[in-house]
Amino acid sequence: GESVGLHLPTLSVQEGDNSIINCAYSNSASDYFIWYKQESGKGPQFIIDIRSNMDKRQGQRVTVLLNKTVKHLSLQIAATQPGDSAVYFCAETHGQNFVFGPGTRLSVLP
Amino acid sequence: NAGVTQTPKFRVLKTGQSMTLLCAQDMNHEYMYWYRQDPGMGLRLIHYSVGEGTTAKGEVPDGYNVSRLKKQNFLLGLESAAPSQTSVYFCASSPGQGIPQYFGPGTRLTVT
């Protein structure tokens, strides 16, 4: 079946450094991908998305890269700030419903 | 706009009790979803609805029922709670397919 996973369950970065969070997906038919941020005690919050006809998409301080050849998705956060501390997870879909990865906890060190 | 709201925020049930979780959205979204989130696992879809009066099963529907009598509300029911249903439940809505979902703040349910 289709699945979405993350390579690292936790990631610690120094404030001001760049963060890279990875995601692997197994369904080559997936054509839409989303990154969500979830702060403690809150619901997931949309960060950025990308469709399969793109390799890269940039937002404010965030960039998503899609490598369809190896079925890999990454989220890059520039100049990581304390407010970026959260769990980040990816989601993919090729139809109606999304499949969510388990998440990576990002900790920003002072 | 309040977005997606969920009530209650917390609930403790004894095994065998029943309860209903309420989700409301004020964005006029057609699609609504119920997920559960367990430690170390991704969000898993319980049931969803593509419009008023419609419901469909997701990945883990057993032990749950849903109703969408009004477009803005999506109810999740547990008829006979079991400890395995201890989880955090999230409701979400979206304007359509292939569009980011907006999530509520969650309901933490404990079944003893």
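The values are calculated or read from the model by the stated rules, or taken from the named source; none is laboratory data. The structure displayed is predicted, hence computed values, not measured ones. Neighbour counts run over all protein chains shown; Cβ positions are idealised from the backbone, glycine included. The area values use the complete protein model at the heavy-atom level, side chains included, leaving out ligands, DNA and RNA. Shrake-Rupley method; radii C 1.70, N 1.55, O 1.52, S 1.80 Å.
Could you tell me the center-to-center distance, by alpha carbons, between region A:31-89 and region B:89-112 in angstrom? Going from one Cα centre to the other spans 19 Å.
Heavy-atom accessible area, probed at 1.4 angstrom with all protein chains present, ranks B:Leu69, B:Leu45 as B:Leu69, B:Leu45, highest first.
Per residue, the accessible area of chain B comes to 47 Å² when a 1.4 Å probe rolls over the protein heavy atoms. Only protein atoms count toward the accessible area here, which uses a 1.4 Å probe; on region B:15-112, the carbon and sulfur part of that area reaches 51 percent.
The convex hull drawn around the Cα atoms of the protein assembly as shown, when projected onto a plane and averaged over every direction, covers 12.2 nm².
Put simply, chains A and B cover up around 1400 Å² of each other's accessible surface, both sides summed, when a 1.4 Å probe is used.
DSSP beta bridges fully contained in the protein assembly as shown are about 90 percent antiparallel. The residues B:Tyr102, B:Tyr48, B:Tyr89, sorted by heavy-atom accessible surface at 1.4 Å with ligands and nucleic acids left out, run B:Tyr102, B:Tyr48, B:Tyr89 from largest to smallest. Among A:Gln96, A:Gln58, A:Gln14, the largest mean-square fluctuation in a Gaussian network model of chain A (Cα springs under 10 Å) belongs to A:Gln96. Contact order, relative form, for chain B: 36 percent (alpha carbon pairs under 8 Å, 6 or more residues apart, mean separation divided by residue count).
Computed extension length for B:Ile99-B:Thr20: 25.7 nm, one decimal, from 0.36 nm per residue of separation with the Cα-Cα distance subtracted.
Counting Cβ atoms of other protein chains within 10 Å of each Cβ in B:29-37 and taking the mean gives 2. Peptide A:43-54 has a mean of 3 when you count, residue by residue, the C-beta atoms of other protein chains within 10 Å of its C-beta. Most tightly packed first, judged by the mean number of other beta-carbon atoms within 10 Å of their residues, the peptides A:88-94, B:3-9, A:61-67, A:101-107 read A:88-94, A:101-107, A:61-67, B:3-9. Can you figure out the FRET efficiency of A:His72 with B:Asp62, using R₀ = 25 Å and their beta-carbon distance, to the nearest 0.05? Step by step, r from the Cβ atoms, then E = 0.15.
In terms of distances greater than 25 angstrom between alpha carbons, the cross-link table entries B:Lys9/B:Lys71; A:Lys37/A:Lys68; A:Lys37/A:Lys71; A:Lys56/B:Lys57 yield A:Lys56/B:Lys57.
In plain terms, if you count all Cα to Cα distances in chain B and split them into 10 Å steps from zero, the share in each step is 16, 51, 29, 4 percent. Translational diffusion of chain A was estimated from the Stokes-Einstein equation, with Rh taken as the Kirkwood radius over Cα pairs; at 10 °C and 1.306 mPa s the coefficient is 114 µm²/s. Counting Cβ atoms of other protein chains within 10 Å of each residue's Cβ and taking the mean over peptide A:85-93 gives 1. The residues of chain A have, on average, 49 Å² of accessible surface per residue, using a 1.4 Å probe with all protein chains present.
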